[in-house]
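Working notes, structure below.
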Amino acid sequence: MANFRDIVDSPVNSKFILQGNQAFALGVAHAGYHCADGYPGTPSTEVIDKSLAYVQDRINVGWDVNEAVAVAVGIGHSIAGFDSVVTMKTPGAFQAGNAITTSAFYHASAGAFVLFVATDYVPSSTQHVIDLRHFFASARIPVLEPRNHQEMYEMPWHAADISRKFNTPVVILASGILCHSEGLITTKQARTITPRELPKDLKNWMGMPNIARKGYNIATQQRIPQIREWAEKSDLTKEYMGKDNWGIIVTGESNIIVNEALNALNLNPSILSIATVYPLPVKKIKTFAEKITGNLFVIEDGDKFVEDRIKLLGINIIGKDEDSIITEWTPELVIEFLSKHINFDFNLNKTKIDITPVMRPPAICPGCPYRAFGLTVDKLRKQNKIYSSFGDIGCSTLLYFLNALDTCLCMGASDSMRQGFVLSRPEYASKTISIIGDSCECHSGLDSTRNAVFRNTPGVKVILDNRVAAMTGGQPAPSSYNNLAGIENKFDLVKAEQAESAKVVIADSFNMKEIETKLTEALNLSEKGEYTTLILQGPCIHEVENKKKVRTLTINYDKCKQCGRCNICPGIELDETKTPHFTNLCSNCGGNTPVCMQRCPFDAFEFIDESKQEKIDIKIEKYVPVKDINIDKDKLQKSIRLAIRGIGGQGNLFFGKVLAEVAMNTPYADTHIVKGDTHGMAQLGGPVISTFSCGDVYSPTLAPASADVLVVMEINEILRPDFLDLLKPEGTILLNKFKALPPNTKLSDYPDFDEIRKSIKNYNVIEIDANKICSEMGDKQGKSANVIVLGVLSTIKPFNVIPKDVWLNALMTLSPNDVIKTMNKLAFEKGIGYNVSI
């Protein structure tokens, strides 16, 4: 895929496969917005991070310290006459709630003010499944829900136009499924918007009580009715009259989910698809309902917001059960729902395998600077020196799985909770700690620091400073070296803590002895009534240059006593005799003193003698793309679907990108292409699933019995619930015989491969040991395993009708340099040769 800057400059009607967030960002650029602000929050981050950050010469773009600040900054842009958008996820909207709701009752002429709020109704990366539509409707703010990737691109036009025409904030409530999946979009003609002139003064933006009341009345009695009339004429509501006598009213992203289900069922009802969910196009809904002679259903993500409003219109409609917990529909849930009311022929029998997969809870990455601290807290807890640990949002939350953290409320609240607990139970001041990351401390945690000093509450606050907003992908925070524009940050976290009059202690995140010593000293001081902020400094492993992540350790098995103390990280696993072995996930602790080495009481970990290392000589070749490749369109299936399961770090994302690039160079580019990936806590070593579809397809979430091929990159992952149910009866399973043992998991708990084989004996299965082939190629870390499997896939029906040169062109396009191109070409051809030979 081209870089974002080139995409922005592309001609009208260009086609791209873009992540939903990137499609939205492209729409922002093409719709003429002048400013973009936000706070990183999965699944909204990439609107700025992977997109608008690259066009800062055209749009004023920046991360702010939190969502409330970002909203106020956005409102300032709007008052100045400039069109602005502010990005966040659901909890951020609540954090910024005061600013958002107050802004709703301004009604003077200004630049557009648009809020992009990403939902996460699973949830995958937040604690919130709350439906914000109730909140925004009570504030009289119009809400738009994009229905597909094309609409993610087009929605910035609609939102800005509504905002300027009706002098209102506008919310684009985007499904996390759309935000983090990819789809084919077609570009429009970009436009330029002239900023509005400044008024004589800014008194129209006063929010005193009596003025705010007038603003509320105007919004309620004038603005919303006017927008409702606009919605009746807008193409954001679309009607399709089908052959069946029943119908569905569907909102937002549920539209593509419903279409995916109906495609699987071969049903053809009438559909009213709504993107303007507040205010609703009431007349269109009534007119549609009158045309339906059979059952009328409503399907929407979140709460029963639309359903309840339709029922108030006196329309008999079937929706969720009274106490339903469905907050995000899938094709399978839609099929189950419809089957209770409509007769159709579809077998939803679940595959039953009586083998329990090993669990892979979210975990901090191999080489994470938090691991040494987490292990230290666990040790002190076992010694009864720490009773409890109050946690916060972000990567630090994952310390829960190291027994180093107990609670999590919301961003910035960890030490406030600790303070309340200690104020009620003063005897626990020296036995409780709070934990927070540096970006969260800058977001709202400093308020808690100030409060501890203000309330004279003793204790220990641990700030894990990795210099970035790590959980969301490494965005700059005030504590980072530079801001988004690359300008050196003047903010100094240590000085900020000192300015709050807290005692500040600094330690190295990778030095276990120093951490234990300074944490113990701080706990002792709290017993004397002192408050300490202990700042542990060490870089996020993803911010470390790759050469420092190459393993420099080996294990001297003559010294190893199989004690198991090194079994602390996905980078190491133990065999049947408790003997440790490095896995391909080891990241060398980013060049710092490896934690496993510090943990070993027998000095069994030693640095590798590089002079004795075997060197692999690979002849680097220049790849020349093949042109004018003939593809027989008649041989292509109407649609192709595939799902991939593995663990984070195995290259699922790259696998999907290659498939998308392949499809873009076939006649499928004239239909639809969509790709879905795990989002949220998908750390290295955690379970991940990706999907790919092209042709007559709709959703990144697949319907049961619709996948042509299931790819399994790690043996255990084939056992995940509902995965095998995705496969067509005549489909193929491509199984990579690679095993990764989660930390602290006994080998005896790992499923027996022969038992797995027996359980899938009735399926069409192709087995491959791609990691072994990698090793034979000299790729000891197995980085090319995904490409080898891709090569095998290219020989399997229905993918095998696509010429080899199309695959190679796509693979080479996505390989960044000649070395990687050479390795990937070799790996791909190994995969092709493997399947030919069996």
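Look through the stretch 462-497, keep the residues that are without any contact (Cβ under 8 Å) to a residue 60 or more places away in the chain and of a type in the set (K, R), and return whichever of them is most open to solvent (accessible area, probe 1.4 Å).
Top of the filtered list is K490.
Criterion first (farther than 29 Å from S639 by Cα, at pLDDT below 95 and within 34 Å of the chain's Cα centre (by Cα)) does E322 satisfy it?
yes
Which one of these is modelled with pLDDT of 95 or more, surrounded by fewer than 24 Cβ atoms within 10 Å (Cβ to Cβ) and within 19 Å of V170 (Cβ to Cβ): A112, A68?
Only one candidate passes the filter, namely A68.
Assess whether T251 counts as being β-branched (V, I, T), over 20 Å from A112 (Cβ atoms), surrounded by fewer than 18 Cβ atoms within 10 Å (Cβ to Cβ) and touching a residue at least 60 places away in the same chain (Cβ under 8 Å).
Against the criterion (β-branched (V, I, T), over 20 Å from A112 (Cβ atoms), surrounded by fewer than 18 Cβ atoms within 10 Å (Cβ to Cβ) and touching a residue at least 60 places away in the same chain (Cβ under 8 Å)), T251 does not qualify.
How about the stretch 723-838: which helices (runs of 4 or more DSSP H) wholly inside it have at least 2 residues that are polar (S, T, N, Q)?
Here the list reads 770-777, 804-814, 818-837.
With respect to G831, is the statement that it is touching a residue at least 12 places away in the same chain (Cβ under 8 Å) and on the phi > 0 side of the Ramachandran plot true?
Spelling it out, it is not the case that G831 is touching a residue at least 12 places away in the same chain (Cβ under 8 Å) and on the phi > 0 side of the Ramachandran plot.
Looking for something free of Cβ contacts under 8 Å to residues at least 12 places away in the same chain, open to solvent by 40 Å² or more (accessible area, probe 1.4 Å), at negative phi and over 22 Å from the mean Cα position of the chain (by Cα) - is there at least one such residue anywhere in the stretch 375-382?
Scanning the stretch 375-382, I find at least one residue that is free of Cβ contacts under 8 Å to residues at least 12 places away in the same chain, open to solvent by 40 Å² or more (accessible area, probe 1.4 Å), at negative phi and over 22 Å from the mean Cα position of the chain (by Cα), so the answer is yes.
If a residue has to be surrounded by 24 or more Cβ atoms within 10 Å (Cβ to Cβ), under 21 Å from the mean Cα position of the chain (by Cα) and assigned to a loop (DSSP other than H, G, I, E, B) to count, how many in the stretch 688-700 make the cut?
2
Among the numbered criteria (1) open to solvent by less than 40 Å² (accessible area, probe 1.4 Å); (2) part of a loop (DSSP other than H, G, I, E, B); (3) closer than 13 Å to S175 by Cβ; (4) not polar (S, T, N, Q), which single criterion is violated by P123?
Here P123 clears every test but (1).
Taking only the stretch 137-153 into account, find how many residues are touching a helix residue (DSSP H, G or I) at 6+ places or on another chain (Cβ under 8 Å), part of a helix (DSSP H, G or I) and crowded, with 24+ Cβ neighbours inside 10 Å.
Summing the residues that are touching a helix residue (DSSP H, G or I) at 6+ places or on another chain (Cβ under 8 Å), part of a helix (DSSP H, G or I) and crowded, with 24+ Cβ neighbours inside 10 Å in the stretch 137-153 gives 3.
Do you know which residues across the stretch 667-687 are open to solvent by 10 Å² or more (accessible area, probe 1.4 Å), in a loop (DSSP other than H, G, I, E, B) and either on the phi < 0 side of the Ramachandran plot or at pLDDT 85 or above (or both)?
T671, H672, T678, H679, M681, A682, Q683, L684, listed by residue number.
Answer with yes or no whether G111 is farther than 22 Å from K675 by Cα, touching a residue at least 40 places away in the same chain (Cβ under 8 Å) and in contact with a strand residue (DSSP E or B) (Cβ under 8 Å, 6 or more places away or on another chain).
The answer is yes for G111.
So which helices (runs of 4 or more DSSP H) stay within the stretch 383-499 end to end and still have 3 or more residues that are touching a helix residue (DSSP H, G or I) at 6+ places or on another chain (Cβ under 6 Å) and closer than 29 Å to S125 by Cβ?
Answer list for the stretch 383-499: 414-424.
Give the stretch 201-242 a look and list any residue that's closer than 25 Å to H158 by Cα, open to solvent by less than 50 Å² (accessible area, probe 1.4 Å) and within 37 Å of the chain's Cα centre (by Cα), or say none.
W205, A219, T220, R223, I224, P225, I227, A231, E232, S234, L236, T237
Of all residues in the stretch 268-306, which are open to solvent by 30 Å² or more (accessible area, probe 1.4 Å) and among the β-branched types (V, I, T)?
Of everything in the stretch 268-306, those that are open to solvent by 30 Å² or more (accessible area, probe 1.4 Å) and among the β-branched types (V, I, T) turn out to be V282, T287, T293.
All but one of (1) modelled with pLDDT under 90; (2) assigned to a loop (DSSP other than H, G, I, E, B) hold for P704; which doesn't?
Going through (1) modelled with pLDDT under 90; (2) assigned to a loop (DSSP other than H, G, I, E, B) one by one, P704 breaks only (1).
Small (G, A, S) and in contact with a Ser or Thr (Cβ under 8 Å, 6 or more places away or on another chain): which single residue out of S339, S388 fits that description?
S388
List every residue pair whose Cβ atoms lie under 7 Å apart, where the two residues are 6 or more positions apart in sequence or sit on different chains, the first residue falls within the stretch 675-688 and is closer than 16 Å to V358 by Cβ, and the second residue, located anywhere, is at pLDDT below 60.
What qualifies is V688/A682.
Suppose we filter the stretch 26-48 for residues that are surrounded by fewer than 24 Cβ atoms within 10 Å (Cβ to Cβ) and among the acidic types (D, E); how many remain?
Residues in the stretch 26-48 being surrounded by fewer than 24 Cβ atoms within 10 Å (Cβ to Cβ) and among the acidic types (D, E): 0 in total.
Look through N584, N630 and report the one residue that is of a type in the set (S, T, N, Q), in contact with a Gly (Cβ under 6 Å, 6 or more places away or on another chain) and at pLDDT below 95.
Just one listed residue meets the conditions, N584.
Sort through Q56, Q95 and tell me the only one that's touching a residue at least 60 places away in the same chain (Cβ under 8 Å), open to solvent by 20 Å² or more (accessible area, probe 1.4 Å) and more than 22 Å from the chain's Cα centre (by Cα).
Matching residue, one of Q56, Q95: Q56.
Test each condition in (1) more than 24 Å from I487 (Cα to Cα); (2) open to solvent by 10 Å² or more (accessible area, probe 1.4 Å) for A23 and report the one that comes out false.
Failed condition: (2).
When you check L523 against the structure, is it open to solvent by less than 40 Å² (accessible area, probe 1.4 Å) and at pLDDT 95 or above, yes or no?
For L523, the condition - open to solvent by less than 40 Å² (accessible area, probe 1.4 Å) and at pLDDT 95 or above - is met.
Go through the stretch 444-461 and give me each residue that's more than 26 Å from A96 (Cβ to Cβ) and either among the hydroxyl-bearing types (S, T, Y) or buried (at least 22 other Cβ atoms within 10 Å of the Cβ) (or both).
T457, G459, V460
May I ask you to verify whether G314 is in a helix (DSSP H, G or I) and at pLDDT 95 or above?
no
State all residues of the stretch 728-748 that are surrounded by fewer than 13 Cβ atoms within 10 Å (Cβ to Cβ) and at pLDDT 90 or above; if no residue qualifies, say none.
Residues satisfying the conditions are P729, E730.
For F105, all conditions in the list (1) within 18 Å of V85 (Cβ to Cβ); (2) surrounded by 23 or more Cβ atoms within 10 Å (Cβ to Cβ) hold save one; what is the number of the exception?
(1)
The values are calculated or read from the model by the stated rules, or taken from the named source; none is laboratory data. None of the values given here were measured: they were computed from a predicted structure. With ideal geometry, Cβ positions are generated from the backbone for all residues, glycine too; neighbour counts draw on all protein chains shown. Accessible surface areas use protein heavy atoms only, side chains included; no ligands, DNA or RNA. Shrake-Rupley method; radii C 1.70, N 1.55, O 1.52, S 1.80 Å.
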